[in-house]
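Written out below as structure tokens is the structure these notes cover.
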Amino acid sequence: MLIHDTIAGLRAALKVSRGGTPAIALVPTMGNLHEGHIALMTQARGYADTVVATIFVNRLQFRPGEDFEKYPRTFQADCEKLVAAGVDHLFAPTEAEMYPRPQGFHVVPPAELDGTLDGEFRPGHFKGVATVVMKLFQIAQPQVALFGKKDYQQLMVIRNMVDDLNLPIEIVGGETVRAADGLALSSRNGYLSTAERAQAPRLYRLLTRIAEALRTGRRDLATLEGNAMAELSSAGWAPDYVAIRSRRDLQPPADSDAPLVVLAAARLGSTRLIDNLEV
Ligand code: PAF
């Protein structure tokens, strides 16, 4: 695996600056790689000859007071995992390389997507994500890019960005990888204490119950959501939302046949966990 910390270095290696573009699949990450990331790297190999991973903890998508500073940075271990996964190139720029001056232009998601769910609780987050992903797309010029479904709203923001701005990139969503007890793998799981880790699969169990209720025909969505919020609160969690939404646009479903997704975000101690299940 070749490691690049400059845009020019990556571009020269990929020969995009000379127009001899190989078929590139890009997997953007913020590092602290787990099996969910590695599954995306493996999946990427099915789409392209050249797999490029990126590791960049993107300050733009963190709000003041969030975990930018303490976000786990495990570069050596990540490199070993990427080599074992057969990744061809790793782009791991410094902040100065990505943002040599304060970022002036941004990609701003539309209000209906940005002002709901995580966008409501983390204002500016998806603007930061969309902006850095657009920059990574311009830098690596992939034909395919892969993102995990665990960050369901992020995946939708990126799909919409690519559609609205006519980017010639296929966006592929990778299935969420879970621990044996159901907890969705996430870099932030490392913040959990032993006691919190034992509690954490409750979120997945709750989503599973709601998804089953929906599959058996329940459509009292507000009741299902309200009960789930109350259950999390009484178990000592601080839920931001439990929401049943249309998979198409993440809005409350307009008709009872709409394909659905159940999404939740809740704080357990000081760790904010998110998860979702397609119904
Ligand atoms: O999902 C992530 O790790 C990040 O949000 C991403 C897509 C790499 C952008 O910084």
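Computed from backbone phi, the HN-Hα couplings of region 131-144 come to 5, 5, 5, 4, 5, 5, 4, 5, 6, 9, 6, x, 8, 9 Hz, rounded to whole numbers (Karplus: 6.51 cos²θ - 1.76 cosθ + 1.60, θ = phi - 60°; Gly and Pro given as x). Scanning residues 5 or more positions from ILE3 or on other chains, those with amide H under 5 Å from its amide H are LEU90, with H placed 1.01 Å from N in the peptide plane. Give the residue list of trypsin sites (Lys or Arg not before Pro) in region 224-279 that are DSSP loop and have at most 16 other beta-carbon atoms within 10 angstrom. Here the trypsin sites (Lys or Arg not before Pro) that fit, given the DSSP loop and packing criteria, are ARG247, ARG248.
For every helix of n ≥ 4 consecutive DSSP H residues, a contribution of -39,500 (n - 2.57) applies; sum these over the chain, divide by its total residues, and give [θ] at 222 nm rounded to the nearest 500 deg cm²/dmol. The helix-only estimate for the chain comes to -10500 deg cm²/dmol at 222 nm.
On a per residue basis, region 1-127 carries 50 Å² of accessible surface, using protein heavy atoms and a 1.4 Å probe. For region 246-258, putting each phi into the Karplus relation 6.51 cos²θ - 1.76 cosθ + 1.60 with θ = phi - 60° gives couplings of 6, 5, 5, 9, 6, 9, x, x, 7, 9, 6, 9, 4 Hz, in residue order, rounded to whole numbers and with x for Gly and Pro. GNM remark for the chain: springs join alpha carbons under 10 Å apart, and the peak mean-square fluctuation among VAL242, VAL262, VAL108 falls on VAL108. Spatially close Lys pairs in the chain, defined by Cα atoms under 29 Å apart and a spacing of eight or more places or different chains, total 15. For region 149-279, the solvent-accessible area of protein heavy atoms averages 46 Å² per residue (probe radius 1.4 Å; ligands and nucleic acids excluded). Taking Cα atoms only, the orientation of helix 152-164 departs from the longest principal axis of the chain by about 50 degrees. Phi-derived couplings, Karplus 6.51 cos²θ - 1.76 cosθ + 1.60 at θ = phi - 60°, listed residue by residue for region 214-223: 5, 5, 8, x, 4, 9, 7, 4, 4, 5 Hz, with x used for Gly and Pro. For region 1-136, carbon and sulfur atoms together expose 55% of the accessible surface, with a 1.4 angstrom probe and every protein chain in place.
The values are calculated or read from the model by the stated rules, or taken from the named source; none is laboratory data. From a predicted model like this one, the values you see are computed outputs, not experimental measurements. Positions of Cβ are generated from backbone atoms using ideal geometry, with glycine treated the same way; all protein chains shown enter the neighbour counts. Quick note on the areas: whole protein, heavy atoms, side chains included, nothing else; ligands and nucleic acids left out. Shrake-Rupley method; radii C 1.70, N 1.55, O 1.52, S 1.80 Å.
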